[in-house]
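Inspection log for the structure reproduced underneath, given as structure tokens.
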Amino acid sequence: MWRNATEEHTRLLGAVANGDKGAFTRLFYLFHQELGEFVYRLTKSREISEEIVQEVFIKVWTQRENLLTIRSFRAYLFIMARNHTFNALRDETRKMFLSELRHYDEFTDGDDASVTREELYQMVEKAVALLPPQQQKVWKMSKEEGLPHQKIAELLNLSPLTVKRHVSLAMASVIRYVKNHSDQIAVWMLIVFQLD
């Protein structure tokens, strides 16, 4: 519907750029369902998808004065949604990781623990920074962005088996690094949770 720019579409974007809330509502209804389905395919969560679509349209509205400088509004909208989705997945993965590490306290003496959750997380980040570039890229897509191996394989033009191997090698390197820079409890926690 929006693949080819028309005068009507240009007028609608112009009206939104000038602050016309009714035009913005029409724009929202033109795209929200398709955009929501796109985001849902990446997140597999209706709730997260709805939040991302709302965030994207809020950004469209707050930056509406730039709408007429965009060559393809549809491409702009979907790229923005993809970026918001990857950021949300990364944040969710990080929250899950830290949430899993809360169990760490059950195996330590609280304040007397030799390694805190945050220190362990920082050690993991340092270990990841030392990985070879391809392993680092695959690790971040898998563990931080939460992408499945098949999707990573498609995006990087690799086989799923190669992606799995990169993740395994990266995990071994991270565990080795933590083992050399921490105590056995921290290593045990990494092995138990496997950061996934």
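The values are calculated or read from the model by the stated rules, or taken from the named source; none is laboratory data. The structure presented is a predicted model; accordingly, all values stated were derived computationally and were not measured. Cβ placement follows ideal geometry from the backbone for every residue including glycine, while neighbour counts extend to all protein chains displayed.
Within the range 172-185, residues that are farther than 18 Å from Lys143 by Cβ sit with their Cβ atoms under 6 Å from residues that are at pLDDT below 75 and of a type in the set (Ser, Thr, Tyr), at 6+ positions apart or across chains, in these pairs: Asp183/Ser114. On inspection, Asp183 fails the criterion of being loosely packed, with under 13 Cβ neighbours inside 10 Å and either on the phi < 0 side of the Ramachandran plot or at pLDDT below 75 (or both). Scanning the range 25-61 for residues that are among the aliphatic types (A, V, I, L, M) and surrounded by 15 or more Cβ atoms within 10 Å (Cβ to Cβ) yields Leu27, Leu30, Leu35, Val39, Leu42, Ile48, Ile52, Val53, Val56, Val60.
Results for (1) among the acidic types (Asp, Glu); (2) touching a residue at least 60 places away in the same chain (Cβ under 8 Å); (3) not in a helix (DSSP H, G or I), shown as yes or no for each residue.
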| position | (1), (2), (3) |
| --- | --- |
| Leu13 | no, yes, no |
| Phe31 | no, no, no |
| Glu47 | yes, no, no |
| Gln54 | no, no, no |
| Ile58 | no, no, no |
| Leu67 | no, no, no |
| Arg71 | no, no, yes |
| Phe78 | no, no, no |
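In this structure, Glu37 does not satisfy being closer than 26 Å to Ser142 by Cα and in contact (Cβ under 8 Å) with a residue 24 or more places away in the chain.
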